[in-house]
Amino acid sequence: MSGGAEPETGIRRVDLMAVDDVPEGTMKMAWVDGTDPVLVVHQNGLLGAYQGICSHEYFELDKGFLTAGTLTCALHLSRFDLSSGEPIDPPAELPLEIYPVVIEDGRVLIEVPDGPLPISEQ
């Protein structure tokens, strides 16, 4: 499927949490549709939303560590660049999915295609 606007595919906005729920330098997990984890990271004044599990092996990334522009998974210490989602340190080889963030009325929302959230996993 292309990223174009196909008639049967829509974009939905998903409300994850209040901006105040994620102070600068922290991260917090939200669950979309009760099944899809999304990690919201507030670093350097920017809010980002990423797939909530490591692309190497299923492990929730909110148990990991934030450092200057990177996120490290606590399971096998794979490290990801938060600007691109790309893995910096193995064993992860696939990038994290990054979801477009919209801030509206003090809330953090993501804009994603209808259906399950896209994730990268091995």
The listed residue being within 20 Å of Gly10 (Cα to Cα) and in contact with a helix residue (DSSP H, G or I) (Cβ under 9 Å, 6 or more places away or on another chain), out of Val108, Val101
Val108
Can you say whether Gly115 is in a loop (DSSP other than H, G, I, E, B) and more than 14 Å from the chain's Cα centre (by Cα), as far as the supplied structure shows?
yes
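With a cut-off of at least 2 residues that are open to solvent by 40 Å² or more (accessible area, probe 1.4 Å) and without any contact (Cβ under 8 Å) to a residue 60 or more places away in the chain, name the strands (runs of 3 or more DSSP E) lying wholly within region 1-95.
Working: elements: 11-18, 26-32, 36-43, 46-51, 65-67, 70-72, 79-81, 87-89.
Of the strands (runs of 3 or more DSSP E) lying wholly inside region 1-95, those with at least 2 residues that are open to solvent by 40 Å² or more (accessible area, probe 1.4 Å) and without any contact (Cβ under 8 Å) to a residue 60 or more places away in the chain span 26-32, 65-67, 79-81, 87-89.
Can you say whether Ser120 is hydroxyl-bearing (Ser, Thr, Tyr) and touching a Cys at 6+ places or on another chain (Cβ under 9 Å), as far as the supplied structure shows? Don't jump to the end; show me each part of the working.
Working: hydroxyl-bearing (Ser, Thr, Tyr): yes; touching a Cys at 6+ places or on another chain (Cβ under 9 Å): no.
Against the criterion (hydroxyl-bearing (Ser, Thr, Tyr) and touching a Cys at 6+ places or on another chain (Cβ under 9 Å)), Ser120 does not qualify.
In region 42-71, how many are of a type in the set (Val, Ile, Thr) and in contact with a helix residue (DSSP H, G or I) (Cβ under 9 Å, 6 or more places away or on another chain)?
Looking only at region 42-71, we keep the residues that are of a type in the set (Val, Ile, Thr), and these are 53, 67, 70.
Subsequent filtering for residues that are in contact with a helix residue (DSSP H, G or I) (Cβ under 9 Å, 6 or more places away or on another chain) retains 53.
Matching residues across region 42-71 total 1.
The values are calculated or read from the model by the stated rules, or taken from the named source; none is laboratory data. Everything numeric in this text was worked out from a predicted model, so none of it was measured. Cβ: placed from backbone, ideal geometry, glycine included. Neighbour counts: every protein chain shown. These accessible areas exclude ligands, DNA and RNA; they are computed on the full protein's heavy atoms, side chains included. Shrake-Rupley method; radii C 1.70, N 1.55, O 1.52, S 1.80 Å.
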